[in-house]
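So the structure is just underneath, and the comments pick up after that.
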Amino acid sequence: MDPKQIAEIEVDVLLESIRLRYDYDFRHYARASLKRRVQNMLVKENLQMPYQLIPRILYDQSIFDRFLSEMSVTVTEMFRDPSFFEALQETVFPALKTYPFFKIWHAGCATGEEVYSLAILLKEAGLLDRARIYATDYNNHSLKIAKQGIYRSENFEDNTKAYQRAGGKNQLSDYYTQQYDAIKFKDSLKDNITFAYHNLVKDGVFGEMHLVVCRNVLIYFDKDLQNHALTLFDNSLARRGFLCLGSKETIDYSVLKNSFESQSRSNKIFRKNN
Ligand SMILES: C[S@@+](CC[C@H](N)C(=O)[O-])C[C@H]1O[C@@H](n2cnc3c(N)ncnc32)[C@H](O)[C@@H]1O
């Protein structure tokens, strides 16, 4: 057997060890990016071969925690893709306005910037009081930051520009207080948000959601896991609910291709058929 094939076996055994020891299942993550992350981990831990990671991860939780943050790719930003947020206000908010109360599931929320962006726009539309937002991720460290809502202020000039491009009506600074080099979002934005652990690989549905936002997460999954997550979203959505994906993600060629219609093709906003 050639060494490349043996290295694939090593990766498989590593993933199986992680699954049995920590109940995190990465077997259906996109293989090329998964292997790059294993490689990054080897460099950081000063190791040569994937098999060398196995005993270390099995016996040392802190090494697994580092592996999880390597796998998580928690890169995010406020009003990421401002045109998406503009389209959300134009296509989804009018439907949300027809409900006295509605529920949103924000899956893969990372450190929370995207959820606060959504909460700000809902507030400006007079809708935040009617919303219950469930913001979930499988990375507890990111969730802790998201719950605190405290961020370094160095990016806030860019964030302000993105907020304006997204159609923000006020000043972004109206929504936070600044302390030294950090900003803290006001508690009034958080009142309707519940941050919680949820793993898209193995956890269940959220009932009767009107909107599911899951952007830039499915790109890390293989086709089977993408279909699994999309089915979870479908089963979580109420009749005529909306689904929003990331700019490089789609329901085309997926299990949902016939049960959802596109509302904004370029902004990846889909709506469940009747
Ligand atoms: C690139 S971030 C996207 C953050 C945000 N949605 C955005 O678009 O800016 C991907 C997030 O997906 C989360 N994630 C990856 N696999 C997951 C899983 N199986 N269940 C829940 N969250 C997952 C990661 O922890 C990370 O926070």
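Any read-out appearing in this document is the output of simple, stated calculations on the displayed coordinates, not a laboratory observation. The structure presented is a predicted model; accordingly, all values stated were derived computationally and were not measured. Counting neighbours? That spans all protein chains shown, and the Cβs are built from the backbone with ideal geometry, glycine included.
Add +1 for every Lys or Arg and -1 for every Asp or Glu among the other residues with Cβ under 11 Å from the Cβ of Lys103, and state the total.
Numbers: positive: Arg130, Arg132; negative: Glu208.
Here the count lands on +1.
With an 8 Å cut-off on Cα pairs and a minimum separation of 6 or more residues, tell me the relative contact order of the chain in percent. Could the numbers behind the result be given before it?
Working: 411 pairs, mean separation 47.8, N = 274.
Once divided by the residue count of the chain, the mean separation gives 17 percent.
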(request) Return the lysines within reach of Lys97: Cα separation strictly under 19 angstrom, same-chain partners fewer than 8 residues apart disregarded; answer none if there are no such residues. (result) Lys123, Lys169, Lys272
(request) Can you tell me the dipole magnitude for the chain around its Cα centre, using point charges on the Cβ only (Lys, Arg +1; Asp, Glu -1), in Debye to the nearest 20? (result) 520 debye
(message) Less than 19 Å apart at the alpha-carbon level, and either on another chain or at least 8 residues along: which aspartates and glutamates does that give for Lys35?
(response) Asp2, Glu8, Glu10, Asp12, Glu16, Asp25, Glu45, Asp65, Glu70, Asp222, Asp224
(request) Using R₀ = 22 Å, calculate the FRET efficiency as 1/(1 + (r/R₀)^6) where r is the Cβ-Cβ separation of His228 and Asp60; round to 0.05. (result) 0.15
(request) For region 102-108, take each phi angle, set θ = phi - 60°, evaluate the Karplus expression 6.51 cos²θ - 1.76 cosθ + 1.60, and give the result in whole Hz per residue in order, putting x for glycine and proline. (result) 9, 10, 10, 10, 10, 8, x
(request) Using θ = phi - 60° and the Karplus relation 6.51 cos²θ - 1.76 cosθ + 1.60, list the HN-Hα couplings for region 200-207 in order, rounded to whole Hz, with x at every Gly or Pro. (result) 5, 6, 10, 8, x, 7, 10, x
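Compute the signed sum of charges (Lys and Arg +1, Asp and Glu -1) over the other residues within less than 12 Å, Cβ to Cβ, of Phe195. If you can, show how the numbers build up before the last one.
Details: positive: Lys144, Lys147, Lys190; negative: Asp137.
Neighbour charge sum, excluding Phe195 itself: +2.
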(request) Please name whichever of Tyr197, Ser72, Pro100 sits farthest to the positive end of the charge dipole of the chain, dipole taken about the Cα centre and charges placed at Cβ: Lys and Arg +1, Asp and Glu -1. (result) Pro100
(request) Hey, could you get me the Stokes-Einstein D for the chain, Kirkwood radius over alpha-carbon pairs, 25 °C and 0.890 mPa s, rounded to whole µm² s⁻¹? (result) 123 µm²/s
(request) Determine which aspartates and glutamates satisfy two conditions relative to Lys186: a Cα distance under 14 Å, and not lying fewer than 8 residues away in the same chain. (result) Glu113, Asp174
(request) Could you please state, rounded to a whole Å, how far the C-alpha centre of region 4-76 is from the C-alpha centre of region 207-250? (result) 26 Å
(request) Enumerate the amide H contacts of Phe79 below 5 Å, restricted to partners 5 or more residues apart or on another chain; note that Pro and chain-start residues carry no placed amide H. (result) Ser117
(message) Around Leu243, under 9 Å between beta carbons, what's the net of Lys plus Arg minus Asp minus Glu among the other residues?
(response) +2
(request) Report, in order of residue number, the helices in the chain meeting two criteria: a C-alpha extent of 24 Å or more along the helix axis, and a mean Kyte-Doolittle hydropathy of at least -1.0; treat each whole DSSP H run as one helix. (result) 3-22
(request) Choose one of Gln164, Tyr180, Leu237: the residue whose Cα lies farthest towards the positive end of the charge dipole of region 82-272 (beta-carbon charges +1 Lys, Arg; -1 Asp, Glu; about the Cα centre). (result) Leu237
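Which value, in debye to the nearest 20, gives the size of the charge dipole of region 3-71 about its Cα centre, when Lys and Arg are +1 and Asp and Glu are -1 at the Cβ? Mind dumping the intermediate values first?
On the way: 11 positive and 10 negative charges, 49 e Å.
Dipole size: approximately 240 debye.
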(request) Order these peptides, 42-55, 185-198, by their mean beta-carbon neighbour count within 10 angstrom, highest first. (result) 185-198, 42-55
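If you place +1 on the Cβ of every Lys and Arg, -1 on the Cβ of every Asp and Glu, and leave all else neutral, what size is the dipole of region 168-245 about its Cα centre, to the nearest 20 Debye?
On the way: 9 positive and 9 negative charges, 40 e Å.
That gives a dipole near 200 debye.
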